[in-house]
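Working notes, beginning with the structure itself.
Bear in mind that the values in this text are calculations on the coordinates, not laboratory data. These numbers were taken from a predicted model, which means no experiment stands behind them. All Cβ positions, even for glycine, are placed from backbone atoms using ideal geometry, and neighbour counts span all protein chains on display.
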Amino acid sequence: MNSTRMQLLSFYFGFSLLGASALALAADPAPARVAALDRIVAVVNSDVVTQLELNERLRMVTQQLQKQGTPLPPREVLEKQLLERVIMDRVQLQFAQETGVKVDDAQLDKTLQRIAQENKLSPEQFRAALEKDGVDFSKFREDIRKEIIMARLREREVDNRISVSDGEVENYLSSRSEALGGGNEFNLAHILIRVPEQASPEQLQKYKARAQQALDEVRAGKDFRQVAAGYSDAADALQGGVLGWRPAGQLPALFVEALEALKTGETSPVLRSPNGFHILKLLDKRGKDAPLVVQQTHARHILIKVNEVMSEQDAKNRLLQIKERLDNGADFAELARLHSEDGSASRGGDLNWLSPGDTVPEFERAMNALKPGALSEPVRSPFGWHLIQVLERRNEDVSKERERLQARQEIRARKADEAYQEWLRQLRDRAYVEYRLEDK
């Protein structure tokens with residue numbers, strides 16, 4: 001959720017939700033004007049999308065594109081693209097409601113507090129900053145709630161069903177070759193023309209022609225970001241279609257083969273996949289096979305958890321008593337087996353060799369401050385209170401471990417992306433959608 005939250009923050013902090021046209025609307029009492037803006041532009045199952053809702057989204061996105069320096073597509077093109085995005089959001093939120101995915105106020109408040117902390121603001125300062133920028137805080141809250149709901153929906157319906165076996169990792173590593181960009185990472189931008197699952201030959205031809213038209217505009221010199229904003233059905237269309245750096249293994253073989261044939265700045269021909277038609281632009285390329293040497297720490301700990309019957313102070317005091325016994329020569333492993341409330345207790349608290357990032361930041365900071373043989377004071381983490389002892393340190397080349405971990409992550413990410421796009425398409429195909437945007 002981090003990237004989604006930060007996109008929302010830049011979106012809201014950068015622009016006021018009330019543009020000049022909205023203020024003019026508020027001041028204009030003419031009934032005909034209000035009725036025109038409030039007309040229905042789409043029916044989505046049992047719900048509707050209004051012109052006013054679409055206009056508000058159009059204002060915000062226009063400001064976002066201008067801030068990014070992305071040339072604007074024609075208004076009618078952008079309006080149609082945004083309507084599709086509103087419809088897709090609405091379909092997902094309806095499905096979430098039908099299947100019991102919800103976010104209560106307490107969970108929402110915790111998320112908002114984390115967003116404020118990430119921006120180095122208190123909750124009160126965060127709200128004041130939003131309101132100063134003209135953002136209605138209650139609407140912001142509900143937008144964040146919807147983002148969380150859609151993220152949880154994807155996690156439940158797609159991500160949690162993705163598994164990667166050891167065999168898949170081995171096959172991936174053994175079959176990966178430089179010819180297919182195995183050791184490379186690509187910085188790319190992307191245009192997707194999504195195709196319905198049961199599209200007829202005539203419809204396929206229509207979608208392919210649309211993709212070719214987008215490609216022709218790019219090759220005629222039009223800014224790729226502008227074309228993506230006007231044509232692409234992908235979620236990143238309004239960011240100019242930029243996907244950022246992706247390892248080769250995280251991309252479909254179709255993409256990798258096309259990217260390997262491109263020079264930086266070049267654009268692929270129209271590519272066909274089960275999800276639709278694609279156009280890729282190679283922004284940059286780099287290798288990633290350098291050895292990775294990190295400092296590892298061999299540590300052990302004793303954990304006392306905080307709960308209904310063990311307060312913060314009681315947990316800390318209990319650890320101080322244990323520390324006093326250790327300072328007087330007691331055996332760490334024996335006390336860990338007797339008192340630690342962690343899975344490592346049976347091993348005398350031994351956590352084995354830890355690489356950077358293997359533990360939570362609070363634990364890692366305290367551990368890194370210790371010399372071998374030293375024992376920490378009680379340390380608070382999200383898991384409870386710890387006593388930490390560093391046994392030894394070493395510098396280790398973890399390239400092979402990293403390679404296996406990245407292979408697993410890349411396979412999982414690729415499978416999840418493909419499954420999510422297919423799930424979205426099926427969800428959209430099942431929905432009843434009636435367009436009224438052209439009605440006047």
*Tabulate in residue order the Karplus-calculated ³J(HN,Hα) for the stretch 379-396, using 6.51 cos²θ - 1.76 cosθ + 1.60 with θ = phi - 60°, rounded to whole Hz; enter x for Gly and Pro.*
10, 8, 9, x, 8, x, 10, 10, 10, 10, 10, 8, 8, 6, 9, 7, 9, 9
*For the stretch 105-203, with equal point scatterers placed on the C-alpha atoms only and solvent neglected, what are the log10 I(q)/I(0) values from the Debye formula at q = 0.22, 0.23, 0.25 1/Å, to two decimals?*
-1.12, -1.16, -1.23
_Residues with amide H under 5 Å from that of A42, placed H, sequence gap 5 or more_ = V49, R436
*Measure up K120/K146; K323/K400; K305/K415 against 31 Å on the Cα-Cα distance and list the ones that go over.*
K323/K400; K305/K415
*For I279, I322, order by how many other beta-carbon atoms lie within 10 Å, fewest first*: I322, I279
*Return the sequence-ordered ³J(HN,Hα) values of the stretch 353-366 in whole Hz as given by the Karplus equation 6.51 cos²θ - 1.76 cosθ + 1.60 applied to θ = phi - 60°, using x for Gly and Pro.*
7, 10, 9, x, x, 6, 10, 5, x, 4, 5, 5, 4, 5
*Where q = 0.21, 0.22 Å⁻¹, what log10 of I(q)/I(0) comes from the Debye formula for the stretch 293-397, counting one point per Cα?*
-1.10, -1.20
*Within a Gaussian network of the chain (alpha carbon springs, distance under 10 Å), most fluctuating of L54, L351, L259*: L351
*asked:* Explain nothing, just compute: Karplus ³J(HN,Hα) = 6.51 cos²θ - 1.76 cosθ + 1.60, θ = phi - 60°, for every residue of the stretch 231-245 in order, whole Hz, x for Gly and Pro.
replied: 10, 5, 9, 6, 5, 8, 4, 7, 9, x, x, 6, 8, x, 6
*So, in nm, how far is label K222 from label D109 when the simple model puts each one 7 Å beyond its Cα toward the Cβ?*
4.9 nm
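Taking the square root of 5 times each eigenvalue of the Cα gyration tensor, what semi-axes in Å does the equivalent ellipsoid of the chain have, largest first? List each step's numbers first, then the result.
Values: eigenvalues 450, 191, 76 Å².
Working through the eigenvalues yields semi-axes of 47, 31, 20 Å.
Among T99, T50, what is the fewest-to-most ranking by other Cβ atoms within 10 Å? If you can, show how the numbers build up before the last one.
Values: T99 11, T50 15.
By the 10 Å Cβ count, ascending: T99, T50.
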*Nonlocal amide H pairs with L243, under 5 Å, H built at 1.01 Å*: L188, A189, H190
